[in-house]
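Peer 1: Sharing a structure below in structure tokens format, with a few things to ask.
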Amino acid sequence: MDGNWYRRSFVHFSDDSVLFNTGVSFPITFNRAAIHGFESKIEIRSLGPLSGYISYSNMVGVGQLPVAGGLFLGDNARDLLERTGSFPISQDQRNTFRSQLRFQPRPRVWGAFGASYNSGLPFEIEGPSSEGFLEEQYGSRILDRVNFSRGRIRPSSSLDLSGGGELLHSEKMKIHLQVDVFNIANRLNLINFAGVFSGTALDMPRSFTLRLKSEF
């Protein structure tokens, strides 16, 4: 078991600004920022065939305007650059939970189950902000994941499964197979929404990976 409490203060806090909803971003700097919180983790390294961990973190991050740098377009660009005041930074997620349970009945065979929970990041809408307009742009499923009264994304969660084994083990070669299933429930998880600095981003839907690894 371990844990720590931290507090960090920054002058000229660096971040990135996404150009609309493209993959293009530009570096920006806020006047200053302060981040504080704590992290904790309980780890079980070996309990027979079982091992695993549980972790929890709580964080508060506040930035101070004005902002410098970036590329801001539109009628409100000058207002944005001259704005003052404080705001929650894009990483200001209050509660984050992670866990994994691993089962290894034999030395060459294993399976694992993981779960995660995120309480949601803050957002600030760029451009028209009426819910009718936003629904036309993003759809009702996306808007259902947004808490407009709190100015935050609604909580997201995911359940994942993994399993693997050693198919071949010899002095000359080893072959490993691993199968992963992410977001088993196929939950729609929104990460960022219509932000001035972060754009809109979705977590991946249910997905599968198959990996074959050889050593020789």
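Peer 1: Which residue, MET204, MET173, MET59, has the most motion in a Gaussian network model of the chain that connects Cα atoms within less than 10 Å?
Peer 2: Looking only at MET204, MET173, MET59, the biggest GNM fluctuation is shown by MET173.
Peer 1: Extending each Cα 7 Å along its Cβ direction at VAL179 and HIS12, get the distance between those two points in nm, one decimal.
Peer 2: 5.3 nm
Peer 1: While we're looking at this one, here's another question. Just to confirm a number: summing +1 for Lys and Arg and -1 for Asp and Glu over residues other than LEU177 whose beta-carbon lies under 10 angstrom from that of LEU177, what do you get?
Peer 2: Numbers: positive: ARG211, LYS213; negative: GLU166.
After counting each charged neighbour, the total is +1.
Peer 1: Hey, another quick one. For the chain, what is the calculated [θ] at 222 nm in deg cm²/dmol (nearest 500), taking -39500 (n - 2.57) for each run of four or more DSSP H residues and dividing by its residue count?
Peer 2: Values: 3 runs with 18 residues, N = 216.
Mean residue ellipticity at 222 nm (helix-derived): -2000 deg cm²/dmol.
Peer 1: To continue, here is another question. With every atom except the alpha carbons ignored, what do you get for Rg and Dmax of the chain, in angstroms?
Peer 2: Here Rg and the maximum Cα pair distance are 21.7, 68 Å.
All of the numbers you see were taken from the coordinates with simple rules; none came from a lab. Since the model is a prediction, treat every value here as computed from it, not as a measurement. Quick reminder, even Gly has a Cβ in these numbers, built from the backbone with ideal geometry, and neighbours come from all protein chains shown.
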